[in-house]
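The values are calculated or read from the model by the stated rules, or taken from the named source; none is laboratory data. Note that the structure is predicted; figures quoted are calculated from it, not measured. All Cβ positions, even for glycine, are placed from backbone atoms using ideal geometry, and neighbour counts span all protein chains on display. Note: accessible area is taken over every heavy atom of the protein model, side chains too, but ligands, DNA and RNA are not part of it. Shrake-Rupley method; radii C 1.70, N 1.55, O 1.52, S 1.80 Å.
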Amino acid sequence: MSWPIRTRTGNHAARGRHVSDTAAAGVRAPRARTDVPARAAPRTRARVLGALAVAALAAPLVPAAPAAAAPPPPCLTSDLALSWAPGGTAVSGGAEPGSSRTAVVDLRNAGSGACLLDGFPKVTLARGASTENLVDQRSVSHSAVTLEPGASARFTLTFRQGQSGEGGVIEPVTAIVTPPNNTASANIRWRWGPVAEQVPGGSPQNFVGPVVAV
């Protein structure tokens, strides 16, 4: 007994014809474009550079800090006018021997330019060959003082009042003042009576404070 042979010519044949027709028609499948990034890169860089330029223009300009001005030169003794100023406890001619007194000295800039005073003046009370040197009052804080022309600064003398005619007492005629950072001195006539001399090795009793602003 023989069975009939069946031939399948349906779908496979159709698909075969479709592929053949497409190939015959010369139609090619589209290729992926690989050159787009290469062409887009310059445009991307241009956009980034443009954005950076805009940001730089929009950024606020910060001015450079000005250079610090140089301090004025030290005041010269020849440019300073010295005088007694109010505010001390000293009495003309002296009073109450043994008491502690103060006298204030004014230093006015009589020069034509600004100058600087910083520190302690040197002060010597003198009568002929007899002298009494005042020590620095280091317990008082201070800072540099800039004096414009015509402006003043001050310092304070502290001394123990003496008794005229007693030993260990000087009766000054002159206060010899050497301003800070100077070697030249200026004289002021002393008018505050006798001064007890400093006892060697004892606690300071005659001293001078630093120059301070008025």
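I'd like the accessible area for residue 118: 1.4 Å probe, protein heavy atoms, all chains in place, Å² to the nearest 10.
70
Please go through region 110-214 and write out the GluC sites (Glu not before Pro) that DSSP classes as loop and that have at most 11 other C-beta atoms within 10 Å.
Counting only loop positions with at most 11 other Cβ atoms within 10 Å, the GluC sites (Glu not before Pro) in region 110-214 are 166.
Roll a 1.4 angstrom probe over the protein heavy atoms and tell me the percent of accessible area of region 107-214 that is carbon or sulfur.
46
Just the number please: accessible area per residue for region 75-214, 1.4 Å probe, all protein chains included, in Å².
With the other protein chains kept in place, region 75-214 gives 49 Å² per residue.
Roughly how big is region 88-214's charge dipole about its Cα centre, with Cβ charges of +1 (Lys, Arg) and -1 (Asp, Glu), in debye to the nearest 20?
The calculated dipole for region 88-214 is roughly 120 debye.
Can you tally the net charge around residue 188? Count Lys and Arg as +1, Asp and Glu as -1, for every other residue whose Cβ sits under 15 Å from the Cβ of residue 188.
+4
Taking K and R as +1 and D and E as -1, what net charge do the other residues with C-beta under 10 Å from the C-beta of residue 173 add up to?
In short, +2.
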